[in-house]
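Below: the structure, in structure tokens.
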Amino acid sequence: MADLASLAGTLYQRPNRPVPISCYIDEAAECLNEPAIALLNKGRGAGFSMTLLTQTFADFVAASGSEAKARQILGNINNLICLRVRDAGTQQYVAEQMPEVLLRTLTHTQSAGNAPLAPIVFNGQASESLTEQRAPLVDPNLLGALPDLECFAQIAGGQVYKLTTSLLDLSASKPESVDGSNA
């Protein structure tokens with residue numbers, strides 16, 4: 001990580017930078033150190049694109065030593081993609097990153113009847129009321145129930161997407177050779 005941070009510093013000072021560099025770090029919490037944090041903070045200016053992959057928010061807390069430091073590190077990440085996650089702390093962290101929405105409930109009521117002592121006297125009433133309440137866009141428990149290959153993504157700029165992908169079945173489309181056998 002120190003070598004990558006040094007390279008980023010060198011590239012940052014060049015007026016003509018080479019092509020952008022994409023860096024993917026699986027089990028990212030195991031690589032958390034000051035150079036890695038510097039790459040997250042300043043690497044974008046040098047053309048670095050950092051992608052961190054992890055299982056739980058708790059991994060970052062354990063590696064950094066505190067929840068505040070973990071949040072500071074993850075605060076430098078522009079995009080968040082969350083597949084199914086079972087850990088309640090991670091579910092809560094992801095849900096906190098998503099915006100809240102305003103839920104409006106419209107209630108209609110109506111009644112009709114007559115007076116007990118004067119059956120000819122008819123009365124009726126109709127009303128409607130609107131209530132509003134704020135709620136999380138994504139319920140934390142929903143993140144533990146996502147099907148395979150589905151995720152929520154919050155992209156830089158604040159857009160939130162619910163994505164579904166599929167796997168290609170390449171076994172069904174094997175080309176045949178000239179003699180008629182499968183290649």
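Read-outs: derived from the displayed coordinates by stated rules, not from any lab. Quick caveat: nothing in here was measured; it's all calculated off a predicted structure. With ideal geometry, Cβ positions are generated from the backbone for all residues, glycine too; neighbour counts draw on all protein chains shown.
Per-structure values
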| quantity | calculated |
| --- | --- |
| 5 angstrom amide H check on residue 48, placed H, neighbours 5+ away | 21 |
| Proximal charge balance of residue 142 [Cβ under 13 Å; K/R count +1, D/E count -1] | +1 |
| Amide N of the stretch 1-33 lying under 14 Å from the label point, which is placed 7 angstrom from the Cα of residue 78 along Cα→Cβ | 20-23 |
| Given (i) 138; (ii) 288; (iii) 121, the label whose value is volume of the Cα convex hull per residue in Å³ derived from this model | (ii) |
| Of 143, 117, 80, the one that fluctuates the most in a GNM where the chain has Cα springs shorter than 10 Å | 117 |
| Cβ-derived FRET efficiency at R0 45 Å, residue 109 paired with residue 166, nearest 0.05 | 0.45 |
| Length-normalised contact order for the stretch 90-133 - Cα pairs under 8 Å, 6+ apart - percent | 41 percent |
| Karplus-derived HN-Hα couplings along the stretch 157-171 (A = 6.51, B = -1.76, C = 1.60, θ = phi - 60°), whole Hz, x at Gly and Pro | x, x, 5, 10, 10, 9, 10, 10, 10, 9, 8, 7, 9, 7, 5 |
| Counting DSSP beta bridges with both ends in the chain, the antiparallel % (nearest 5) | 85 percent |
| Mean separation of Cα contacts under 8 Å (6+ apart) over length of the chain, as relative contact order % | 17 percent |
| Label-point gap, in nm, between residue 41 and residue 127 - each point 7 angstrom along Cα→Cβ | 5.9 nm |
